[in-house]
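Engineer: Take a look at the following structure, please.
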Amino acid sequence: MKTILKKAGILILAAALICSVLPMRADASYELPGFWQVQADNGPAWTVKTLDYSYDHNTYLSLRDIAMVLNGTDKSFSLNIKKNSVSLDPGMAYTPVGGENLPWESSENPDIALRRNEFKVNGEIVYYYTIIMRLPSGYYDCFMMAADLAMILDVNIGMPAPGSLQINTEAPLTVSPAMLEAAGYFYGVNSVLVGDAATGEVYYQYQSDIDYPIASTTKLMTCLLTMEAVSAGQITLDDQVMVSAAAQALAASDDGVIPLEAGGQVPVRELLLGALLPSSNECALCLAEYVAGSEEAFVERMNQRALELGLSRAVFFNSHGLPAYTEEPIPSKRQNRMSAEDMFRLVSYLLKVYPQITDITSLKSAVLASLGREVRNTNPLLFNLQGVTGLKTGTTNKAGACLVTSLTADDGIMEHDLVVIVLGTEDSIERGRVSGLLARYALQAFYTGVEDTENGSGASAIRRLPVNAEAAVDCILQKAKGR
């Protein structure tokens, strides 16, 4: 179904060049003002103010300046920027407020904090990190990464020379993971994998066979075992689960998400919502204790199920993904681990056997009636890209920021679940950006074909990964038949 994508002269996304260089300086209040020359299509080059945030070349661009560059093109957009909010409307003309496309009036560091301000595109909330500052004119300007703007506007961006940017408004965003890898973009990531869960085809992978801590993406295995217990008739979604003293203690700790009181009762379906949307550790613990009688017994099931699914590099110590300390004078600090390949197998199986999981993970928010509380989904891609259906975020100091994303694509015959696994980014900012770029590559690969990586970056050859023992046997038989 897929053809090899060969495009001479493909423009590498600016993220590879401006978001992923080695740090030259680290300082929380370091914002170095500068400017670039930016050209749209064959138009004139405009001066665009920039801020290098925290690190040299970690560059954010003035949205007002870019709006002037794109005015009159098919990618023009209007802006309404306030102290803590930005509203961007593609397809609308931009009205200047003064000071656009002029160099900085002062070379002093503006000392501005990077924040997740309220950001709306066509009136809908999206999640990107921005810098907002007040201009001498009294108006506010917003600075954001070129890669984020490229994703919002669906334009291709390249850097023909340092300090210059070329925006191709006639070409949709094209992502080349192989070129990003060659530029060192994934040096700050433990591993990534992009593939089709329906077919097992892997579009791209980086260090995907090495096991790393997986933090709260652990809860996908907890969810699988819970759904299998429901399917086997051992429990129901409406069963009332009594909160244990251990769950109450976890809820009251620094890692608590949803307040729970021992002796209280919460239905299984709400515990699933709590575990998967806001990533409640105490909800995951409640599920483990209810399904298996104790968390220790549940963890045994997790590890046994991992073996049955062929997850050769997976090990679990608890049901939620937090660090687990051993009971010794000098305790060991252990964390659940898995490779990206194993996570792909797990997710592919989960989506195939229990596709209803996305009925939960596609929700932006939900109400836990028994607790009188509304919870929100921690997955930023659910807000930033159409077709995203889940699945799970995760963060610990050791694991870094992780995200397992699922999104749907249709080949005209059936719907496919595409999966993007990103383990171990530096923070939630990079987690969202890396996942967003690779999610767009997943769609690009599905509809137009994958890159030829055999003669390029050294990226692993594309192959299918069996998602269970039966599939593994079938894979072996197919290889034998081929010989």
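The values are calculated or read from the model by the stated rules, or taken from the named source; none is laboratory data. All values derive from a computational prediction rather than experimental measurement. Backbone-built Cβ (ideal geometry, glycine too); neighbour counts: all protein chains shown. Side chains included, ligands, DNA and RNA excluded: accessible areas come from the protein's heavy atoms. Shrake-Rupley method; radii C 1.70, N 1.55, O 1.52, S 1.80 Å.
Engineer: Over the alpha-carbon set of segment 309-411, divide Rg by the Kirkwood Rh and report the Rg/Rh ratio to two decimals. Each step should come with its number before you reach the end.
Structural biologist: Values: Rg = 16.3 Å, Rh = 15.9 Å.
Radius of gyration over Kirkwood radius for segment 309-411 works out to 1.03.
Engineer: If you average over every viewing direction, what projected area does the convex hull of the Cα atoms of segment 304-344 give, in nm²?
Structural biologist: Directional mean of the projected Cα hull area for segment 304-344 stands at 3.3 nm².
Engineer: At a threshold of 8 angstrom on Cα-Cα distance, excluding pairs fewer than six apart, so keeping six or more, what relative contact order does segment 287-376 reach in percent? Kindly include the intermediate steps, with their values, before the conclusion.
Structural biologist: Numbers: 87 pairs, mean separation 16.0, N = 90.
That works out to 18 percent.
Engineer: Another question, then. On average, how much area does the Cα convex hull of segment 366-451 cover when viewed from any direction, in nm²?
Structural biologist: Values: hull surface 29.7 nm².
Dividing the Cα hull surface by four gives the mean projection, 7.4 nm².
Engineer: Further question: Applying the Karplus parametrisation 6.51 cos²θ - 1.76 cosθ + 1.60 with θ = phi - 60° to the phi angles of segment 301-314, what ³J(HN,Hα) value in whole Hz is obtained for each residue in order, glycine and proline being reported as x?
Structural biologist: 5, 4, 5, 5, 5, 4, 5, 5, 8, x, 8, 6, 10, 10
Engineer: A follow-up question, please. For the chain, what percent of Cα pairs sit more than 35 Å apart? Intermediate results must be reported in sequence, preceding the final value.
Structural biologist: On the way: 42166 of 116403 pairs.
Tail of P(r) above 35 Å: 36 percent of Cα pairs.
Engineer: Would you list Phe35, Phe383 from the most to the least accessible area, probe 1.4 Å?
Structural biologist: Largest accessible area first, the residues go Phe35, Phe383.
Engineer: Sticking with this one: Restricting things to alpha carbons, tell me how big segment 271-343 is in terms of Rg and Dmax, in Å.
Structural biologist: 12.9, 37
Engineer: Starting from the Cα of Ile112, step 7 Å along the direction of its Cβ; do the same at Thr408; then give the gap between the two resulting points in nm.
Structural biologist: Computed distance between label sites Ile112 and Thr408 equals 3.9 nm.
Engineer: Further, regarding this structure: Using amide H atoms built 1.01 Å from N in the peptide plane, name the residues 5+ places from Asn117, or on other chains, whose amide H lies under 5 Å from its own.
Structural biologist: Thr130
Engineer: Tell me which chymotrypsin sites (Phe, Trp or Tyr not before Pro) from segment 175-239 have a DSSP coil assignment and no more than 14 other beta carbons within 10 Å of their own.
Structural biologist: Loop-located and lightly packed - none at all.
Engineer: Starting from the amide H of Met145, placed 1.01 Å from N in the peptide plane, find each other amide H under 5 Å away whose residue is 5 or more places distant or on another chain.
Structural biologist: Here the answer is Leu61, since their amide H atoms fall under 5 Å of that of Met145.
Engineer: If I take all pairs of Cα atoms in segment 403-445, what percentage of them are more than 17 Å from each other?
Structural biologist: Tail of P(r) above 17 Å: 33 percent of Cα pairs.
Engineer: Quick one: with all protein chains in place, what share of the accessible area of the chain is carbon or sulfur, to the nearest percent (1.4 Å probe)?
Structural biologist: 50 percent
Engineer: Using only the Cα atoms of segment 128-248, construct the convex hull and provide its projected area averaged over every direction, in square nanometres to one decimal.
Structural biologist: 15.5 nm²
Engineer: So for Trp46, Trp36, what's the accessible-area order with a 1.4 Å probe, most first?
Structural biologist: Trp46, Trp36
Engineer: Now, a different point. What value, in deg cm²/dmol to 500, does the helix sum -39500 (n - 2.57) over DSSP H runs of n ≥ 4 give at 222 nm once divided by the residues of the chain?
Structural biologist: After summing the helix terms and dividing by residue count, I get -8500 deg cm²/dmol.
Engineer: Residue by residue, what Karplus-based ³J(HN,Hα) values in Hz, rounded to whole numbers, does segment 251-264 have, using 6.51, -1.76 and 1.60 with θ = phi - 60° and x for Gly and Pro?
Structural biologist: 5, 8, 7, 5, 8, x, 10, 10, x, 10, 10, 4, x, x
Engineer: Determine the principal axes of the Cα atoms in segment 199-284, then give the extent along each, sorted from largest to smallest and rounded to whole angstroms.
Structural biologist: 47, 35, 17
Engineer: Would you count, across segment 312-425, every pair of lysines whose alpha carbons are under 25 angstrom apart, provided the pair is eight or more residues apart or spans two chains?
Structural biologist: 5
Engineer: Let me ask something additional. Report Rg (one decimal) and Dmax (nearest whole number) for segment 199-351, counting Cα atoms only, units Å.
Structural biologist: Taking only Cα atoms of segment 199-351, I get Rg and Dmax of 15.6, 49 Å.
Engineer: May I ask you to list the GluC sites (Glu not before Pro) in segment 282-353 that are in a DSSP loop and have at most 15 other Cβ atoms within 10 Å of their Cβ? List each step's numbers first, then the result.
Structural biologist: On the way: sites: Glu282, Glu289, Glu295, Glu296, Glu300, Glu308, Glu327, Glu341; in loops: Glu327.
Passing sites in segment 282-353 are Glu327.
Engineer: Sort Lys333, Lys392, Lys75, Lys352 by accessible area with a 1.4 Å probe, largest first.
Structural biologist: Numbers: Lys333 120, Lys392 0, Lys75 50, Lys352 150 Å².
Ranked from most to least accessible, the order is Lys352, Lys333, Lys75, Lys392.
Engineer: Kindly report the accessible area of the chain per residue (heavy atoms of protein chains, probe 1.4 Å, no ligands, DNA or RNA), in Å².
Structural biologist: That works out to 43 Å² per residue.
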